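Step one of this worksheet: look at the structure below.
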Amino acid sequence: ILNVEQSPQSLHVQEGDSTNFTCSFPSSNFYALHWYRWETAKSPEALFVMTLNGDEKKKGRISATLNTKEGYSYLYIKGSQPEDSATYLCALPMNSGYSTLTFGKGTMLLVSP
Amino acid sequence: GAGVSQSPSNKVTEKGKDVELRCDPISGHTALYWYRQSLGQGLEFLIYFQGNSAPDKSGLPSDRFSAERTGGSVSTLTIQRTQQEDSAVYLCASSSGTGTIYGYTFGSGTRLTVV
């Protein structure tokens, strides 16, 4: 069983604030890490796939970093907007053979205008 | 299709009834997954299909749950004799590959409520 922990469980910020949250995972047998965004009443949407220690990915105001040696990834949102309100999920493959992903419980972000 | 389609979007059923949930993946995606999210829980893996076969069904919670996939395309998840603990959002996803870097395209889910 792969233990994927996300913190905080929820976060409430004001429009314009920058924020970040964490995904923690066992550092042994790392293969890849996926970030998803899940807006209410919509489908989860893929944000990033990260594979190498030190990886940094960016998509607009959202960026992510990866530290495989210590077993964590940070997701940053710069200048949060109400449309960023969503649950952010991280997920890791359970093995190297196929891509069944184990998901964390997510961080629920609410951005108030 | 253009995206992953799930039906119905909402289903309310009485305890003890059988339900069928349908997933139509992206055309050409050979890998198909079912997950569910119960209230307050994370996404829980149920079953994985590669083509029409299911190499990993380790997440099915009991023998009341079954799934099939036909023609390498549409999948049906069947829950027999539904219980209240089966209430959840059931998500289907498909993927163009099966390596660790292949992400999922999700459908919008079926919200199942057992009363």
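Suppose the filter is within 30 Å of B:T30 (Cα to Cα) and open to solvent by 20 Å² or more (accessible area, probe 1.4 Å); does A:F30 pass it? Show your work before the answer.
Values: within 30 Å of B:T30 (Cα to Cα): yes; open to solvent by 20 Å² or more (accessible area, probe 1.4 Å): yes.
Yes, satisfied.
When the residues of the stretch B:37-71 are narrowed to those that are under 15 Å from B:V19 (Cα atoms) and assigned to a strand (DSSP E or B), which ends up nearest to the other protein chains (Cβ to nearest Cβ)?
This residue is B:A67.
Return the total of residues in the stretch A:29-53 being in contact (Cβ under 8 Å) with a residue 12 or more places away in the chain and within 15 Å of the chain's Cα centre (by Cα).
Total meeting the criteria: 15.
Considering only residues that are out of contact with any Pro (no Cβ under 8 Å at 6 or more places or on another chain), at the interface with another protein chain (Cβ under 7 Å from one of its Cβ atoms) and either among the hydroxyl-bearing types (S, T, Y) or part of a strand (DSSP E or B) (or both), which ones fall in the stretch B:72-110?
The answer is B:S95, B:T98, B:Y102, B:S108.
All but one of (1) farther than 23 Å from A:R37 by Cα; (2) assigned to a strand (DSSP E or B) hold for B:G16; state the number of the condition that does not hold.
Of the numbered conditions (1) farther than 23 Å from A:R37 by Cα; (2) assigned to a strand (DSSP E or B), the odd one out for B:G16 is (2).
Can you say whether B:E14 is under 13 Å from the mean Cα position of the chain (by Cα), acidic (D, E) and surrounded by fewer than 18 Cβ atoms within 10 Å (Cβ to Cβ), as far as the supplied structure shows?
Working: under 13 Å from the mean Cα position of the chain (by Cα): no; acidic (D, E): yes; surrounded by fewer than 18 Cβ atoms within 10 Å (Cβ to Cβ): yes.
Criteria not met by B:E14.
Residue by residue through the stretch B:89-111, note down the ones that are within 17 Å of B:Q37 (Cβ to Cβ) and surrounded by 22 or more Cβ atoms within 10 Å (Cβ to Cβ).
The answer is B:Y90, B:L91, B:C92, B:A93, B:Y104, B:F106, B:G107, B:G109, B:T110.
Here's a check for you: in the stretch A:34-53, which residue that is more than 8 Å from every other protein chain (Cβ to nearest Cβ) and part of a loop (DSSP other than H, G, I, E, B) is nearest to A:N20 (Cα to Cα)?
A:E39
Out of B:S5, B:S27, which single residue is open to solvent by less than 70 Å² (accessible area, probe 1.4 Å) and out of contact with any Lys or Arg (no Cβ under 7 Å at 6 or more places or on another chain)?
Being open to solvent by less than 70 Å² (accessible area, probe 1.4 Å) and out of contact with any Lys or Arg (no Cβ under 7 Å at 6 or more places or on another chain) holds for just one of B:S5, B:S27, which is B:S5.
Please determine whether any residue of the stretch A:54-61 is within 13 Å of another protein chain (Cβ to nearest Cβ), out of contact with any helix residue (DSSP H, G or I) (no Cβ under 7 Å at 6 or more places or on another chain) and not in a strand (DSSP E or B). Break it down stepwise before answering.
First, the residues of the stretch A:54-61 that are within 13 Å of another protein chain (Cβ to nearest Cβ): A:55, A:57.
Then keep just the ones that are out of contact with any helix residue (DSSP H, G or I) (no Cβ under 7 Å at 6 or more places or on another chain); that gives A:55, A:57.
This time we only want the ones that are not in a strand (DSSP E or B), so: A:55.
Scanning the stretch A:54-61 turns up at least one residue that is within 13 Å of another protein chain (Cβ to nearest Cβ), out of contact with any helix residue (DSSP H, G or I) (no Cβ under 7 Å at 6 or more places or on another chain) and not in a strand (DSSP E or B).
Quick one: count up the residues across the stretch A:9-28 that are touching a residue at least 12 places away in the same chain (Cβ under 8 Å) and part of a loop (DSSP other than H, G, I, E, B).
Qualifying residue count for the region: 8.
In the stretch A:77-95, what count of residues is obtained for those that are under 17 Å from B:I101 (Cβ atoms) and either open to solvent by 30 Å² or more (accessible area, probe 1.4 Å) or not in a strand (DSSP E or B) (or both)?
2
The values are calculated or read from the model by the stated rules, or taken from the named source; none is laboratory data. The shown structure was predicted, so the numbers you read here are calculated from the model rather than taken from an experiment. Because the Cβ atoms are built from the backbone with ideal geometry, glycine has one as well, and the counts that use them run over all protein chains shown. Please note that ligands, DNA and RNA were not included when accessible areas were found on the heavy atoms of the full protein model with its side chains. Shrake-Rupley method; radii C 1.70, N 1.55, O 1.52, S 1.80 Å.
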